[in-house]
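Shown next, in structure tokens, is the structure this report addresses.
The values are calculated or read from the model by the stated rules, or taken from the named source; none is laboratory data. Remember, it's a predicted structure, so these values are computed and weren't measured experimentally. Cβ placement follows ideal geometry from the backbone for every residue including glycine, while neighbour counts extend to all protein chains displayed.
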Amino acid sequence: MYRNFPPPGAACPSTFPKLIVFGVAAVFASGAWGQTAAEGDFAARCAALGGSSGKTPANTRETVELARFIPAGAPAKDLAPSRPLEPGVQIPAHCELIGRLDERTGADGQPYAIRYHLRLPQDWNGGFFFQGGGGTNGDLGDALGNAGGSLPPVGLALGYAVLSQDSGHDNARNDIPERGGRASFGADAEARANYAHASLARTSGAAKKIIARFYGNAARRSYFVGCSKGGQEGMALAQKYPREFDGIIAAAPAFSVPRAALAQAWDVQTFAALVRDPRAASVDQRKLPAAFSNADLATVNKAVLRACDADDGLADGIVGAFEQCTTAKVKAQLDRSTCTGEKSASCLSKPQVAALLRSMEGPRGRNGEALYTSWHWDGGIGSTGWRRWKLGDSEGPIPALNVVTGGSALAMLFSVPPTPVRSDPQSLLDYQMGFDMSRDANIIYATSDAFPRSSWDEINARSPGLATFRARGGKMIVPHGVSDPVFSIRDTLDWYREVNQRHEGRAADFVRVFPVPGMAHCSRGPATDRYNAFAALVEWVERGDAPEAIIAQAGPGTPWPGRTRPLCPYPQVARYSGSGDKERAESFVCSDPKR
Ligand code: CA
């Protein structure tokens, strides 16, 4: 996504004047297209954001790399969107700003800075929209205002000033293959802290100052929107910096990510055992996807649906009442699907069923204690978005994300001391296979002189203490796929119950969790994964209109494109009302589940 700019590795102070010239050139180019006087004035003020900082830096810890005017309707190549812009999304005239903060050399000898990307629309709606990160970050982000799920970006198009940031390390230069690749920044304690949460307050504060200076008014409202690591960031803001944001979407939050990384290693060990060649010293990572064929996973999925689909009042391929979908009920159906003789495409082997049950139970320690949590049975178990994490793609060379993402993160980011492991899939799988849950799991809670805070203490954002966020009127929406294969919705629901307990049973006054049945991690799966949680959040914050349901639609990749359903605030579930079109949300009501 950097193809329009000099590579970030080249973004040292000596390249700074060249970038400013580039920005000014863009101003003149847009003028040649027929710029109005108002646009010309805005473009000049935009360029000045770069120029003034460059000539007389008030603070050498803050550097502007790029300030340029982008006219309305600019082509996608000038925007470098991280996902395709759908037809009809109008990107308005705006000022694009890229800068960096706190440049330094880390304890591990690597160069670090916190880079941010800010887009300031000419026709500003008075709001601030912070777009969260993903995975191990290190990516500047497109700052177009992604609202999560399968929606096109909305923030900038609605007139918000939009911020994204790399959280203090850069995949283009902090990527050392023999030390965890893009997770190599885990060797530096400050880089870990920035990744965990510190960069959020730093870039948010800097952006708010720029916004106030640029427009002459502070932002009227501030929103944060993120999923996965971005969901963890939303949680960290509500808990550690509770005055910064009025509204937060913290989808599929990675708020227990060191524990989830233990679950990833557990899953790799569990499924790799199915494809282990007893004569070989290690498991070939390329064989992991073969632990279950797609036909095997379809058999698993059918068993889940037979057990639980109708519990919400309608057998429609969606397990609405997922909390009633117990392991006992599903196991009875899996037993019915187990081969009685030779393994065939239409039945599961006994070791496959045992492995699936072991995975769903979650990682266990020396005395059988849960090291993370268990997983809910749901209609998205076995879907493409699920298998991509747990097993890898059945066709093609994509290794399991549990290996390539989970292995390097556990080794470099969530261990004290960090364990340098090569970043190729085979080395990471070997590391996970050698990870002994009884012996090694405590590394996520360990400290040392170089790392006085454990990785758990640094990055977890699972506290139920939201009193300050609540008191300042903050509102939070937490969508989460019930079939999320990375962060178990059970952890999120346990957290929500703790929040409710801490806040006199009034959690729903300021935070609501919206389970999305069938959905994998942030999107995908046999699910209604197209929904506008951001619009619901704005209604709640600005009009006090708490979301009683969020209408969601199934996309083209699902068995039922165009189907709509209400997403219901936990613990309610969507139940068929008994009459009306079974494909339409209007025929469903959010109601308390049968216990
Ligand atoms: Ca159903």
Please go through region 148-160 and give me each residue that is crowded, with 24+ Cβ neighbours inside 10 Å and over 11 Å from the mean Cα position of the chain (by Cα), ordered by number. 153, 155, 156, 160
In region 284-314, what count of residues is obtained for those that are more than 12 Å from the ligand (Cβ to nearest atom) and in a loop (DSSP other than H, G, I, E, B)? 3
Yes or no: residue 278 within 22 Å of residue 484 (Cβ to Cβ) and more than 16 Å from the ligand (Cβ to nearest atom)? no
Whichever residue in region 338-353 is surrounded by fewer than 16 Cβ atoms within 10 Å (Cβ to Cβ) and out of contact with any strand residue (DSSP E or B) (no Cβ under 8 Å at 6 or more places or on another chain) and, among such residues, is nearest to residue 376 (Cα to Cα): 351
Check whether at least one residue in region 207-221 is over 22 Å from residue 107 (Cβ atoms) and surrounded by 24 or more Cβ atoms within 10 Å (Cβ to Cβ), and report yes or no. yes
Mind counting the residues in region 519-537 that are of a type in the set (Ser, Thr, Tyr) and within 16 Å of the ligand (Cβ to nearest atom)? 1
Name the strands (runs of 3 or more DSSP E) wholly inside region 538-578 in which the number of residues that are farther than 27 Å from residue 222 by Cβ and either within 16 Å of the ligand (Cβ to nearest atom) or among the aliphatic types (A, V, I, L, M) (or both) is 2 or more. 564-567, 573-576
Helices (runs of 4 or more DSSP H) completely within region 424-482 that count 2 or more residues being in contact (Cβ under 8 Å) with a residue 40 or more places away in the chain and within 20 Å of the chain's Cα centre (by Cα): 455-459
Could you list all residues from region 422-457 that are more than 15 Å from residue 264 (Cα to Cα) and surrounded by 23 or more Cβ atoms within 10 Å (Cβ to Cβ)? 455
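This table checks each residue for (1) in a loop (DSSP other than H, G, I, E, B); (2) more than 23 Å from residue 102 (Cβ to Cβ).
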position	(1), (2)
116	no, no
120	no, no
124	yes, yes
135	yes, no
139	yes, no
145	yes, yes
148	yes, yes
155	yes, yes
162	no, no
Flagged pairs (Cβ under 9 angstrom, 6 or more apart or on separate chains; first in region 379-401, over 16 Å from residue 516 (Cβ atoms); second within 16 Å of the ligand (Cβ to nearest atom) and aliphatic (A, V, I, L, M)) are 382/304
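Residues checked against (1) touching a Pro at 6+ places or on another chain (Cβ under 6 Å); (2) over 19 Å from residue 111 (Cα atoms); (3) small (Gly, Ala, Ser):
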residue	(1), (2), (3)
202	no, no, no
229	no, yes, no
235	yes, yes, no
240	no, yes, no
246	no, yes, no
251	yes, yes, yes
272	no, yes, yes
Would you point out the residue of region 330-366, among those that are closer than 30 Å to residue 554 by Cα, touching a residue at least 40 places away in the same chain (Cβ under 8 Å) and not in a loop (DSSP other than H, G, I, E, B), that is nearest to the ligand (Cβ to nearest atom)? 330
Considering only region 56-110, state which residues are surrounded by fewer than 17 Cβ atoms within 10 Å (Cβ to Cβ), part of a loop (DSSP other than H, G, I, E, B) and modelled with pLDDT of 95 or more. 107, 109
I'm trying to understand the selection: among the residues of region 320-329, which are in contact (Cβ under 8 Å) with a residue 24 or more places away in the chain and either of a type in the set (S, T, N, Q) or away from the ligand (no atom under 15 Å from the Cβ) (or both)? 324, 326, 327
Is region 246-267 home to any residue that is acidic (Asp, Glu) and free of Cβ contacts under 8 Å to residues at least 60 places away in the same chain? no
Take the conditions modelled with pLDDT under 95, within 16 Å of the ligand (Cβ to nearest atom), surrounded by 15 or more Cβ atoms within 10 Å (Cβ to Cβ) and not hydroxyl-bearing (Ser, Thr, Tyr) and apply them to residue 317. Does it pass? no
Which of the residues that make up region 500-518 are away from the ligand (no atom under 16 Å from the Cβ) and surrounded by 22 or more Cβ atoms within 10 Å (Cβ to Cβ)? 507, 511, 512, 513, 514
With criteria (1) buried (at least 22 other Cβ atoms within 10 Å of the Cβ); (2) in a loop (DSSP other than H, G, I, E, B), residue 373 comes up short on (1)
